[in-house]
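Participant: Below: one structure in structure tokens.
The values are calculated or read from the model by the stated rules, or taken from the named source; none is laboratory data. Computed from a predicted model, the values in this text were never measured in an experiment. Using ideal geometry, Cβ is built from the backbone for each residue, glycine included, and neighbour counts are taken over all protein chains shown. All accessible areas refer to the heavy atoms of the entire protein, side chains included, with ligands and DNA or RNA removed. Shrake-Rupley method; radii C 1.70, N 1.55, O 1.52, S 1.80 Å.
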Amino acid sequence: MNEAVFNLLMAVVTAAVTALSAFVAAFVKKKGEEAAAQTNSILLGNVIEEVTGIVSIAVSAVSQTYVDELKKAGSFDAEAQKQAFAMALAACIKAISPATKAFIEETYGDLTEYLTTYIEAEVRKQKALPAATAALESASSANATSVAASTAAATAAAVVQNAIAQSSEK
């Protein structure tokens, strides 16, 4: 009977160890996937931060050194727009680190297509910025005017009240 109990106990222990091993293996695999996802998420965040910074600087530089002069001269046409885009794209590709280039190409495919989206968005953003700034300045000016008018009205009311009070005392 001891032998039967021992064999039964060994069978239970073997099954438990097998089940526990499978559970541990699944747990380790899940934690590994989570760590890889977190690493990719951090890497992706760093890539996006690098790309947006570089694109912003490149678009600003091309706008300041090329586009603004052509617009002043009245010669900023479709061909000049293509040239400005090519200049910004070249500046971005030159400035992006090799690791970021490799990550973008591995994750998204074509580097030029990826950067094109960011460049177009940055151009739109920078075009909207002067209009928003002008609107803000206009609103600020209107607010200053209304504050000045309110102050003048309050001062006038105080002067009138003082005059009435002084004439009543006489």
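Participant: In nanometres, what is the gap between the two model label sites at Phe85 and Leu8, each 7 Å from Cα along Cα-to-Cβ?
Facilitator: Each label point lies 7 Å from its Cα, and together they span 8.0 nm.
Participant: Just add up the charged neighbours of Leu115: K/R +1, D/E -1, any other residue whose Cβ is under 13 Å from the Cβ of Leu115.
Facilitator: Net local charge, Leu115 excluded: -4.
Participant: Quick one: pull the percent of accessible area on region 26-119 belonging to carbon and sulfur, 1.4 Å probe, ligands and nucleic acids left out.
Facilitator: Carbon plus sulfur share of accessible area: 58 percent.
Participant: Give me the extension gain from Ser56 to Thr117: residue separation times 0.36 nm, minus the current Cα-Cα distance, reported in nm with one decimal.
Facilitator: Length gained, Ser56 through Thr117: 20.7 nm.
Participant: Over 21 Å between Cα atoms, which of Lys30/Lys101; Lys71/Lys94; Lys72/Lys127; Lys31/Lys101; Lys82/Lys125 qualify?
Facilitator: Correct reply: Lys30/Lys101; Lys71/Lys94; Lys31/Lys101.
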